[in-house]
Structures are given as C-alpha cells and as structure tokens.
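Everything on this sheet refers to the single structure shown next.
The values are calculated or read from the model by the stated rules, or taken from the named source; none is laboratory data. Computed from a prediction, not measured in an experiment: that's the story for all the values here. A quick note on method: Cβ atoms are made from the backbone with ideal geometry, for glycine too, and the neighbour counts reach across all protein chains shown. The area values use the complete protein model at the heavy-atom level, side chains included, leaving out ligands, DNA and RNA. Shrake-Rupley method; radii C 1.70, N 1.55, O 1.52, S 1.80 Å.
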Amino acid sequence: MTSASRPSSPPAADAAPLPETPQVPPGTPYSAVRIGDRYTRRVTITAAHVTEGARLIGDFNPLHVDESFARASRFGGRILHGVITSALMGAELGMVYAGTALGYLEHNARFLAPVQVGDDLAITWTVVALEAKPRHGGGIVHCEGVALNQHGVTVCTTVGKMLVGERPSSVAS
C-alpha cells in the first residue's frame, strides 16, 4: 500500500478579510414564513472561492488548483468544488433565518454543470412546505433551491430543511 502526500498548505489566495462585525439583519420567525416565499442572492465566483475552498476542505484535485491541468480537461479551466457551490447556496438560508434558526437539519445537493471562476450565480430558494413543531417553538421550513449561471444553465439544485423558531435563539449581551 502506498500513500501519496498531500499539500499541507494551499496556494496564496486573493480573498479579502471579512469585516470585523458583519451587519446581519434579524432572522425571519417561523410564523412569518409562507409556502411560496422566495429568497435570492447573487454570487460572482472568484479565484479565491476555488483556492480558499481547496484550503478549507483539503481537496487539492488539479481540476480545482492547477490551471494548466484544468485547461486541458473537459472543463476548459479550474472548477469550483461542489461542496463550496452547495455551501454558497446554503448561506442564503442561513442569512434569512439568522438568529431564528435552531438548526439546519438537511441539505441535499445535485451538481448538474461545472462552476468556474468568473461565473455569476443566481441562487433562488423557494419554501415548499411548513411543518409546525410547537415543542420547539417554531417549525421546519422545507425549501428547494436552484443555482443558475450567467448563461441560464442550472448548475446545482438543492433541498434543505431548517428548524426555525419564533425569536432569536440567543441574545447578544
């Protein structure tokens, strides 16, 4: 049995640091959610998404980190990790329910097309069902998500379930 050594550190990234105190709007309470509600965001994929994604998850596959290797592949250039695409999609639900979310219970993704540096993703989530959970002071919000690139190609579809309460889950002091 042979083992290959993996890089212990990623290539340098062009990511800007997060602000010290990001402004987060109050989360939507369960009682305000309706079937058919839609949440959207746009994300432009940068080299930092790919490079930092590799560093974060430890996947240094040359399709992600080696431009010349990836250029010779069927994709014609570096592609974003599927799990990072999925996380960028899930972030919208995290922000919609920031402070009222009690837990992200489920997230299933299907990757349908590659995502590359420079792609502009339009992410849309739609509430498809509500499941009251009075014992938890709220309920489960069932959502379906889709990410389209700038050409209108569906790159990823998702299903997510978020347990949402009526008031912020903790109060900052």
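Entry remark, the stretch 136-171: residues being at negative phi, modelled with pLDDT of 95 or more and not in a strand (DSSP E or B) number 4 in total.
Being crowded, with 16+ Cβ neighbours inside 10 Å and at pLDDT 95 or above is a property that ALA87 has.
Can we say THR100 is crowded, with 16+ Cβ neighbours inside 10 Å and more than 30 Å from PHE75 (Cα to Cα)? Give the derivation first.
Working: crowded, with 16+ Cβ neighbours inside 10 Å: yes; more than 30 Å from PHE75 (Cα to Cα): yes.
So THR100 fits the description; yes.
Using the structure shown, decide if GLY118 is open to solvent by less than 70 Å² (accessible area, probe 1.4 Å) and assigned to a helix (DSSP H, G or I). When the stated conditions are applied, GLY118 does not pass them. I'd like to know if the stretch 55-62 contains one or more residues that are open to solvent by less than 40 Å² (accessible area, probe 1.4 Å) and under 27 Å from PRO26 (Cα atoms). No: zero hits.
Figure legend. Inter-residue proximity from the stretch 36-64: first residues farther than 15 Å from VAL83 by Cβ, second residues assigned to a strand (DSSP E or B) and among the basic types (Lys, Arg), beta-carbon distance below 8 Å, spacing 6+ or different chains. No pairs are indicated. So, in the stretch 115-136, of the ones that are of a type outside the set (A, V, I, L, M) and touching a residue at least 60 places away in the same chain (Cβ under 8 Å), which residue ends up nearest to PHE75 (Cα to Cα)? In this case the residue turns out to be GLN116. Selection of the stretch 76-111 for residues being touching a Pro at 6+ places or on another chain (Cβ under 7 Å), closer than 22 Å to ASP37 by Cα and either assigned to a strand (DSSP E or B) or polar (S, T, N, Q) (or both) yields only THR100. Residues considered: GLU92, GLU131. Of these, the only one that is open to solvent by 60 Å² or more (accessible area, probe 1.4 Å) and touching a strand residue (DSSP E or B) at 6+ places or on another chain (Cβ under 9 Å) is GLU131.
Looking only at the stretch 103-147, how many residues end up being in contact with a Ser or Thr (Cβ under 6 Å, 6 or more places away or on another chain) and hydrophobic (A, V, I, L, M, F, W, C)? Residues in the stretch 103-147 being in contact with a Ser or Thr (Cβ under 6 Å, 6 or more places away or on another chain) and hydrophobic (A, V, I, L, M, F, W, C): 4 in total.
Quick one: would you say ARG6 is assigned to a loop (DSSP other than H, G, I, E, B) and modelled with pLDDT of 90 or more?
Values: assigned to a loop (DSSP other than H, G, I, E, B): yes; modelled with pLDDT of 90 or more: no.
In short, no.
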